[in-house]
Ligand code: 13P
């Protein structure tokens, strides 16, 4: 967050939690907890399950909330015989701004490859939305000293064919798999080192200007108590939050990390 030109983005990935009633309640609670000035300093997005998106959109638009609507995943084709999949065009029609792309759970549990992640990122951009491209290593890869190689490879593959100008507007989320939902957080120094590596890969692939403006989030057991330290790192420009984003008070505490730490 040291770079004042990059506005931090705090995103709540609700995964397969909250039906549409619970989603509406959570967003309404956030409305009470977050204040206009919070949005001067931080961009905020919520990523409910597909079945909630229309309901959440209605609340956001009726109450003119500054929370951006996000999705967790989409297909890369506009339409076709893809049973169970969701088109990026449908998400754009619901005023979705950010789409998570290549989350480790999609990669590990549903077989998403680097090539698919790249196709999705290109499709999300084509439909005027911003991909949040995820990368991160397993515990075994980390233990074997393979973090940089894994993360660099994922980032390079995801960015293939994306113009430098577009890369500059992307969000990349570094989420070490061993820290997701485990309560274990990467130390601020380790998270910073990997996020700096991601930025250097972006610089190699798309140039210095893109690297200076791309936003890099950290994700993995982010909580109100550790958000400020993580966000203070020069190459960490936000957080992708799972569990703590389900509880409005906790998520608001992360969004308000600057005042929480004061
Ligand atoms: P947790 O915050 O629950 O560790 O989840 C992180 C994550 O996967 C967000 O996408």
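Quick note: the coordinates plus some simple rules give every number you see, no bench work behind them. No experiment lies behind these values; they were computed from the predicted model shown. Cβ atoms come from the backbone with ideal geometry, glycine included; neighbour counts cover every protein chain shown.
Some observations on this one:
- Cα gyration tensor, the stretch 1-156 - rounded (a/c under 1.5), prolate or oblate: oblate
- Label point 7 Å beyond Cα of residue 144 along Cβ direction - residues of the stretch 183-220 with amide nitrogen under 20 Å: 194
- Principal axis extents of the Cα atoms in the stretch 10-85, from largest to smallest and rounded to whole angstrom, are 45, 25, 21.
- Packing order of peptides 136-145, 77-86, highest average first: 136-145, 77-86 (average count of other Cβ atoms within 10 Å over each peptide's residues).
- Peptide packing: for 121-128, 15-22, 161-168, the average count of neighbouring Cβ atoms within 10 Å per residue gives the ranking 121-128, 161-168, 15-22, highest mean first.
- Convex hull per residue volume in Å³, alpha carbons only, for the stretch 116-205: 101 Å³
- Stokes-Einstein diffusion of the chain at 10 °C, 1.306 mPa s viscosity, Kirkwood radius from Cα pairs, rounded to a whole number: 88 µm²/s.
- For the chain: relative contact order, % (alpha-carbon pairs under 8 angstrom, 6 or more apart): 22 percent
- Relative contact order of the stretch 1-93, taken over Cα pairs closer than 8 Å and 6 or more residues apart, is 28 percent.
- The largest-to-smallest principal axis extents of the Cα set in the stretch 147-190 are 36, 20, 20 Å.
- For the chain, calculated [θ]222 nm from helices alone, where every DSSP H run of n ≥ 4 adds -39500 (n - 2.57): -13500 deg cm²/dmol
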